Amino acid sequence: MKPIYVLNGPNLNMLGQREPSVYGAETLPEIEKLCRAKAAELGLTVDFRQSNIEGELVSWIQEARSKAAGIALNAGAYTHTSVAIHDALRAADVPAVEVHLSNVYKREAFRHHSFIAAAVNGVICGFGSHSYVLALEALASLINTNKKG
Ligand code: DQA
């Protein structure tokens, strides 16, 4: 079984220290642990990565086409700017979910538009680290439906 790629964009390596009132106190390694536990429960595995570099995220999404069963992507600020990530997701051809810790719609207007949303199966935001758990559940269900269909 191929892993789920859980991909994290810029500044998410700073979780725990970065605006805890917005993003919570958990660190990215703690979120990785949470994802591994949830994936095991769902009979999945995860390949968990973070990059501050847009092109690296694009390359990982391209790689996912042949190496991953699905993608959970928190693209951080690139969500609101990146046509390149949008295009990579459209070409990836595996189930994909956009994830955010914060409820971006309750925040500044520039966070209300996502270039990612139109290129993925669905969006989960606003549940803190539990957003990642919900994304894995959604992907498990999409992967099972694809198998049946
Ligand atoms: C974020 C929301 C983005 O607007 C922001 O730039 C981030 C984190 C989130 O997880 O809530 O870096 O993706």
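Values in this text are rule-based calculations from the coordinates and carry no lab data. Model, not experiment: these values are computed from the prediction. FYI the Cβ positions are ideal-geometry reconstructions off the backbone, even for glycines, and counts take in every protein chain you see.
Observations on the structure shown:
- Taking the conditions (1) part of a helix (DSSP H, G or I); (2) buried (at least 17 other Cβ atoms within 10 Å of the Cβ) in turn, GLU63 satisfies each one other than (2).
- Condition check for TYR105: in a helix (DSSP H, G or I), within 11 Å of the ligand (Cβ to nearest atom) and more than 11 Å from the chain's Cα centre (by Cα): yes
- Residues of segment 1-29 that turn out to be of a type outside the set (A, V, I, L, M), farther than 18 Å from GLU137 by Cα and away from the ligand (no atom under 12 Å from the Cβ), as a count: 6
- Pairs where the first residue, in segment 26-54, is closer than 17 Å to LEU15 by Cβ and without any contact (Cβ under 8 Å) to a residue 24 or more places away in the chain and the second is surrounded by 15 or more Cβ atoms within 10 Å (Cβ to Cβ) and among the small types (Gly, Ala, Ser), C-beta under 8 Å, 6+ apart: THR27/GLY16; LEU28/GLY16
- Residues of segment 111-130 satisfying the condition of being touching a Ser or Thr at 6+ places or on another chain (Cβ under 9 Å) and either in a helix (DSSP H, G or I) or hydroxyl-bearing (Ser, Thr, Tyr) (or both): ARG111, SER114, ALA117
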